[in-house]
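Step one of this worksheet: look at the structure below.
Just so it is clear, none of the values below were taken in a lab; they were calculated from the coordinates. What you see is a predicted model; the values in this text were computed from it and never measured. Cβ coordinates were reconstructed from backbone atoms using ideal geometry, including for glycine residues, and neighbour counts include every protein chain displayed.
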Amino acid sequence: MLSRLVAVNTLTKNKIKIITKECIYLEKEIIMCGIIGYVTKEKTKTVIPILLDGLKKLEYRGYDSAGVAFLNENKVDIIKESGPIVNLEKSLNKEIESNIGIGHTRWATHGKATKENSHPHRCGKMTIVHNGIIENYLQLKDFLQKENYSFISDTDTEVAAALIDYLYEESGNVLDALNDFIKKAKGAYAIAIICDDFHDRLFVIKKASPLIIGVNENENFIASDVPAILDKTNKYIILEDKDYAEIYADKINVYRDKKKIKYKINDFKGDKLLIDKQGYEHFMLKEIHEQPDIIKNLIDRYLKKEFILPDITKYQKIIVVGCGSAYHAGLIGKYLIEKNLNIEVSCEIASEFRYKKLFLDKDSLVIAISQSGETADTLAAVKISKACKAHTLGIVNVKESSIAREVDDVIYTEAGTEIAVATTKAYSAQVLMFILLSLEKNVSKIKKLKSLPLLMQKLINQVDDYKRIASYIQEKEHLFFIGRLIDYAVAMEGSLKLKEISYIHSEAYASGELKHGTISLIEKGTPVVALVSDKSIAEKTLSNIKEVKARDANVVLIVSEESNLISDCYDYKIVLPSILEEAYPLLMIIPLQLISYEVAKLRKCSIDKPKNLAKSVTVE
Ligand code: F6R
């Protein structure tokens, strides 16, 4: 392998290690889980509500377990619980006076989601919370065991606590210990520490895992991202890799390699986190209902030239990258750009893209799509693309997020804070951006989109239809979504929505592909959701619908008025009103989102926080 190395690249903040002819290797970006920390001058204040509040805002990063550590009459108390943050909340006395504390919410990667494995962990004089993975923790554990350290969990975090404690005992200086830790621990970590010997400050270390310091008068914060602390302050410091810091209530010192460094205090200009269901039963339902307004605002603002979109026609090659729903939005973008702008587009799953052979150069445009702007694979794809000299454009929802900061140009989807883990409104805003990009300033066509919000609302209102279909689907074990071309891309998103929130298995298939194998799974009563918006291929899809009907499938047909599909080959039917053809994906997705929602509700699933998921997937 080494013989094939052709260059060493130090372009992007030490992350890009080696460029080979085949691909670029990145240090892992591991930033799942959430960290919060707080220190105040007020001795009589309790930090617990502040830690809890921050953790709730970070819960999108994982909700397998949560814990806090805080100073309680000169000793550090640790309280932690498995399960969501409400479990932790029940175990906490919010009245305890304390001026300093740290907290953590976990998405289990190594070790089960048990109370023992949850953070904070304590060893010697160090109590820590940690995001990331210490890759050489087994060697370090072995060494530390020989130095008489013992461990009660299986985590790398407990080893990190022991190593910091050991290095502190050796040097007698916490800051030196932190610098030594960075030299000895391999991998990615953001760590917050309370040391028994210093009750007036927190310590932090950061490498390849984000950590910011929130700055305020006589109180300071640490957090995995800025929105977690926005209620308290919009001033923040971004720590760079290998930085370590001591954070007092009224003073912050940041160090790199034993030298105190100057830092910049930034002003956050994005949205505050709004965590309020506003009367809806679930955030997901609220967010589905917000879609017409979001789409209306974006169209209006675009027509008023309040934001402009870049000219993408000047590139020889366009590659769209994203994960999950963002990838599905990208697939819609591919169809639209190819059809309207005559440019070939490839759409890639970011986790694959980052490790495959790439053919990028300065004439390539890489469009990275991400709601959170923190998805590790998509972020890595952007960094690799930049290293290959491609131009990068982000379509991002969360302002000033990692991807938004990393790309050359960014378009914000302005969908507002999305709380439900399953994306709805951010996905629709991504799709709208692709519609606008592909219509390339064709004002007469764009004006035709003005009726879209109203039609979306009309579909949202057809709730009884969705409830009826949901009560039929809710007891099924498998179902299929079929469609051709752009409808196939929408089918993928519909299928994902149903799987992730209702836990019913489903597959999206290109209608014409079903007969090449999978049709063997169709039997009496198998639900098939067939999507037909494009009149030019409606008849073709109809043939495929007939094929499954002939095998006694039950068909839920979602069809555009326009496609004129005259057929009785369905058991349930939703008709989409006429609109500019590019906009059908935004109508089609409404029944799919709401059917999934109603199915999940009937099955009593945890709709806003489905099992095993997290809102922001920041591990690769
Ligand atoms: C599904 C869903 C995920 C995300 C994916 C990418 O409902 O939300 O599939 O779309 O994890 O996340 P972002 O867009 O934050 O990069």
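Remarks
- Residues E135, E539, E158, arranged from fewest to most other Cβ atoms within 10 angstrom of their Cβ, appear as E539, E135, E158.
- Partner lysines for K386 [C-alpha distance under 18 Å; skip if fewer than 8 residues away on the same chain]: K13, K15, K17, K21, K28, K314, K317, K356, K357, K362
- Estimated distance in nm for a label pair at E240 and K357, the labels positioned 7 Å out from Cα along Cα-to-Cβ: 3.6
- Taking chymotrypsin sites (Phe, Trp or Tyr not before Pro) in DSSP loop conformation with at most 13 other Cβ atoms inside 10 Å as exposed sites, the chain has its longest uninterrupted site-free stretch at 1-306.
- Trypsin sites (Lys or Arg not before Pro) within segment 533-620, DSSP loop, no more than 12 other Cβ atoms inside 10 Å: K604, K611
- Span from the segment 421-478 Cα centroid across to the segment 205-271 one, whole angstrom: 39
- Tilt relative to the chain, helix 137-146 - C-alpha long axis, 0 to 90 degrees, to 10: 20
- Sorted fewest first by neighbouring Cβ atoms within 10 angstrom, T518, T526, T413 come out as T518, T526, T413.
- Hypothetical label at K41: residues of segment 98-130 whose amide nitrogen lies under 17 Å (7 Å Cα-Cβ projection): 99-100
- Across the options V76, Y572, T392, the greatest Cα extent toward the positive end of the charge dipole of the chain (unit charges at beta carbon of Lys, Arg, Asp, Glu) belongs to T392.
- Against the chain, whose longest principal axis comes from its Cα atoms, helix 156-171 is set at around 30 degrees.
- Student exercise, segment 462-604 dipole from Lys, Arg, Asp, Glu Cβ charges, in Debye to nearest 20: 420
- Contact order normalised by residue count of segment 462-604, Cα under 8 Å, 6+ apart, percent: 31
- Ranking of E95, E561, E246 by count of other Cβ atoms within 10 Å, fewest first: E95, E561, E246
- For the set K467/K497; K56/K251; K115/K499; K286/K458, the pairs lying more than 18 angstrom apart at their alpha carbons are K56/K251; K115/K499.
- Ellipticity estimate at 222 nm from DSSP helix runs (n ≥ 4, -39,500 (n - 2.57)) divided over the chain, nearest 500: -10000 deg cm²/dmol
- Annotation for segment 368-454: trypsin sites (Lys or Arg not before Pro) lying in DSSP loop with at most 13 further Cβ atoms inside 10 Å of their Cβ are K389, K441.
- Calculated over the chain: convex hull of Cα atoms, volume per residue (Å³): 164
- Per-pair calculated FRET efficiency, R0 = 41 Å: E475 and D267 via Cβ, rounded to 0.05: 0.20
- Per DSSP, loop GluC sites (Glu not before Pro) in segment 307-404 with at most 13 further Cβ within 10 Å: E344
- Considering only I369, I318, A420, and ranking their Cα positions along the charge dipole of the chain that arises from unit charges at the beta-carbon of Lys, Arg, Asp and Glu, the one farthest toward the positive end is I318.
- Förster radius 25 Å - calculated FRET efficiency between K317 and E440 (Cβ-Cβ, nearest 0.05): 0.90
- Between D200 and Y248, full extension at 0.36 nm per residue minus the direct alpha carbon distance yields a gain of 16.7 nm.
- Each Lys and Arg adds +1 at its Cβ and each Asp and Glu adds -1 at its Cβ; summed about the Cα centre, the chain shows a dipole of about 980 debye.
- Over segment 276-460, relative contact order from alpha-carbon pairs under 8 Å, at least 6 apart, %: 27
- Rel. contact order, % - alpha carbon contacts under 8 angstrom, at least six apart, segment 420-506: 24
- Expressed in Å, the radius of gyration and Dmax of the Cα atoms of segment 462-604 are 13.6, 40.
- Pairwise centroid distance, computed over Cα atoms, of segment 345-379 with segment 303-325, Å: 13
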